[in-house]
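K.L.:
The structure's right below; bear with me while I get my questions together.
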Amino acid sequence: EIVGQLYSFTDKGGRQVSLRPEMTPTLARMVAARANGLKKPIRWFSIPQLFRYERQQRGRLREHFQLNCDLIGEPGPLGDAEIIALALDVMRAFGLTARDVRVRLSDRRVLNSVLARVGVRAEQFPATYAVIDKVERTDRAESLRRLSQAGLSSVTGTRVFDILQLKSVAEIAKLEDGTPGAEASAVERLGEVVQALDAMGLGDFVDVDLRIVRGLAYYTGTVFELFDAKGELRAICGGGRYDNLLASLGGVDLPALGFGMGDVVLGELLRERGLIPGETSSVDLFLAGITEEDIPHVLRLAHQLRESGLRVEYALAPQAVGKQLKLADARNARLAVVVGPDDRARGEVMVKDLTTKSQRSVARDTLPAHIWEVVRS
């Protein structure tokens, strides 16, 4: 899938190059190169700009930014639950609830087991996965035809559709009842992930759904996707466990899992729900001088406040105080600090709260502490 959508070309040096389509293989190589020096598990995030050469449509553009979060070096089901919970907590931070988004959760090990049970041979798994991955966008007759082309009998194809209707770990476990060893443990592990998410208070978001397989071949276990609850948009987020990727790309045998969350579908959903975050201030306070003689004092104070960690702006040319305060409003500054001759003579400055429209005189020596108290409130 990725190779078919690469933005690839020959550069001026005659080299075959492409724009980065995704981050996970790059991360796998980076971590493999330094694996011995990194404390496990490794918690990693990045926000890469990615490119896919494909037909643009709603929720899918040729260029987008993506939040990638990965957990490397942890093989257990609590690691799976941790990553899924992180994706959900991003949704919750935007104000989305279980009525807005759903996690659809599956496990390739479980699906492999139940596919084998209904008669799908191992060599038929890739073609069967390709059909399952598109089953919701393809009518049943066409999906059955494609399964037949992959070598599945009509009876086996029908059974594949039957298992895709299983909607809980209990239903899957009943199908797998009496299965020994790794197959049974895969179902148990899926159950442990669901139980952990429920213990975190996130169970209402979770739907077990064996139709989720993820199109990329490197996934080995738990897989999941986040969708809007109405089912009107593409996946908001997708990810899963890729335990063999670091070994294949970097020669380091480390389990890993993660997700990618693009900005395009998420933006669509937030706009529909009226939850696009408002503009936030890039500055904590704005310094304004009354006279030109106050400018050196403004500069000195700005430097001091910036050294304390505050975000400070001031006019870069002499202006009337009113114009400076308008600029402070335009910057969404919380506070404006006015420096004038009379206040300076008393060792004070005037602090204006641009949110409450109140003001008070503050001793120059206590200003940084006062500003931090207001900003943190």
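The values are calculated or read from the model by the stated rules, or taken from the named source; none is laboratory data. For clarity, every value in this text was computed on a predicted model and none was experimentally measured. Ideal geometry is used to build each Cβ from the backbone, glycine not excepted, and the neighbour counts take in all protein chains shown. Heads up: the accessible areas ignore ligands, DNA and RNA and are worked out on the full protein's heavy atoms, side chains in. Shrake-Rupley method; radii C 1.70, N 1.55, O 1.52, S 1.80 Å.
K.L.:
Output the number of residues of segment 89-135 satisfying the condition of being surrounded by fewer than 15 Cβ atoms within 10 Å (Cβ to Cβ), in a helix (DSSP H, G or I) and either within 17 Å of the chain's Cα centre (by Cα) or modelled with pLDDT of 95 or more (or both).
P.N.:
Final tally of qualifying residues: 2.
K.L.:
In the set ARG146, ARG121, which member is among the basic types (Lys, Arg) and either under 20 Å from ILE212 (Cβ atoms) or in contact with a strand residue (DSSP E or B) (Cβ under 6 Å, 6 or more places away or on another chain) (or both)?
P.N.:
ARG146
K.L.:
Taking the conditions exactly as written (among the aliphatic types (A, V, I, L, M), under 30 Å from PHE205 (Cβ atoms) and over 19 Å from the mean Cα position of the chain (by Cα)), does ILE2 satisfy them or not?
P.N.:
The answer is yes for ILE2.
K.L.:
Scan segment 344-365 for residues that are part of a loop (DSSP other than H, G, I, E, B) and within 23 Å of ARG331 (Cα to Cα) and report the count.
P.N.:
4
K.L.:
Take the conditions touching a Gly at 6+ places or on another chain (Cβ under 9 Å), open to solvent by 30 Å² or more (accessible area, probe 1.4 Å), without any contact (Cβ under 8 Å) to a residue 40 or more places away in the chain and outside any loop (DSSP other than H, G, I, E, B) and apply them to VAL194. Does it pass?
P.N.:
Considered against the rule, which asks whether it is touching a Gly at 6+ places or on another chain (Cβ under 9 Å), open to solvent by 30 Å² or more (accessible area, probe 1.4 Å), without any contact (Cβ under 8 Å) to a residue 40 or more places away in the chain and outside any loop (DSSP other than H, G, I, E, B), VAL194 comes out as no.
K.L.:
Could you list, in sequence order, all residues of segment 83-106 that are touching a residue at least 24 places away in the same chain (Cβ under 8 Å) and among the hydroxyl-bearing types (Ser, Thr, Tyr)?
P.N.:
SER106
K.L.:
Determine, yes or no, whether ILE72 is β-branched (Val, Ile, Thr) and in contact with a Pro (Cβ under 7 Å, 6 or more places away or on another chain).
P.N.:
Answer is yes for this residue.
K.L.:
Taking the stated definitions as given, is ARG189 in contact (Cβ under 8 Å) with a residue 60 or more places away in the chain and either touching a Phe, Trp or Tyr at 6+ places or on another chain (Cβ under 7 Å) or part of a helix (DSSP H, G or I) (or both)?
P.N.:
Yes; evaluated as a whole, the condition is true for this residue.
K.L.:
Conditions: (1) within 26 Å of the chain's Cα centre (by Cα); (2) buried (at least 22 other Cβ atoms within 10 Å of the Cβ). LEU152 meets all but one. Number of the miss?
P.N.:
Among (1) within 26 Å of the chain's Cα centre (by Cα); (2) buried (at least 22 other Cβ atoms within 10 Å of the Cβ), the lone unmet condition for LEU152 is (1).
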